[in-house]
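Written below as C-alpha cells is the structure these notes are about.
What follows is calculated from the coordinates using simple rules that are stated; it is not laboratory data. As the structure is a prediction and not an experimental result, all values here were calculated from the model. Glycine also receives a Cβ, built like all others from the backbone with ideal geometry; neighbour counts cover every protein chain displayed.
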C-alpha cells in the first residue's frame, strides 16, 4: 500500500508537470503566432498621389505596398509625418525615399517603385526659364518643402534665395502669386496638386523634370532586431516576383493610364534594387 500510494502521488505530480508544460508550450506557440501576424506600422509623408491618408488606397505608393505586403504575408498600417519629422525618424519601419533619412541605422532597403523630381514655374510671371543647372537659378527665389534641404546656406552662396513651405499647396500658391519664382517638387505631386487647386489654370504652370533626379520608393526596415530582420526577409523573398506580376502592373496602369507606363521605369527600378542589394544594410 505504501509503495502504491507513493506511485499514485508520483503519477499525479508528473501529470501536473506535463499539464503545466503543455500550457506553457501552448502560450508560447500562441504568442509566437500572434507576434508573427501582428500588424507593423510604417511611417511615411503626405505626398499625394503617392502617399496620402485622403486618397483611395492611400495613393499609388501605398497601393504597390499593399500588393507587396499581401505576397509577403505582412499586415501593416501607415502613419503620416511632416517631412522634417520624417527625415529624423528612428522608426523600425519606413516607406519613401531613402535619401531623406538622416538617422544612420542598419536598414534593409527594398525599392519597389520610382519617382522623379521637377522644377515648376508660373508662365504668366516668366516667359521662359531654362532650368538645367544651379547657375540658372541665380537671382531667383526657389520654393522647397520644409525639411528637404539640409544646407540652405549652400544655395545662398550660389545667389539663390530659398523659401520654405509646409505643403505642396502652399508652395504652388506662392508660385502663382510671385512669392517664389521656381519650386521643386516630386513630379507627380506637383502635377496632382496643380490639377487639384488650379483646375482651370493648369496650362499656365510649366514643369521641367530634373535630369538624373529619379529616386526609389522603398521599404526601409531596421534589421538590428531578429523579428524586424525576419519581416525584411519576407519582403525580400517576394520582391522580384511581385514587381513582375500582373497585379502590380495593374496598379501602375491605374496611375499612368492603360499602356502608358514609362518604358524606362522597370530599368530604373532594377538599378535601384541592385544598388541597395550591393550596399548591404542587413
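Sort 71-84, 151-164 by packing, meaning the average of other beta carbons within 10 Å per residue, with the highest value first. Present the calculation step by step, with values, prior to reporting the outcome.
On the way: 71-84: 16.1, 151-164: 13.9.
Result, highest mean first: 71-84, 151-164.
Normalised by the number of residues in the chain, what is the relative contact order in percent for Cα pairs under 8 Å and 6+ residues apart?
Relative contact order here is 24 percent.
Determine, for each peptide in 194-202, 229-237, the mean count of other beta carbons within 10 angstrom over its residues, then list the peptides with the highest first.
Numbers: 194-202: 13.2, 229-237: 17.2.
Ranking the peptides 194-202, 229-237 by packing returns 229-237, 194-202.
What is the distance, in nm, between label points placed 7 Å from the Cα along the Cα-to-Cβ direction at residue 260 and at residue 41?
Computed distance between label sites residue 260 and residue 41 equals 3.7 nm.
Please compute the length gained on full extension between residue 204 and residue 253, using 0.36 nm multiplied by the number of residues separating them and subtracting their Cα-Cα distance.
Here the answer is 14.9 nm.
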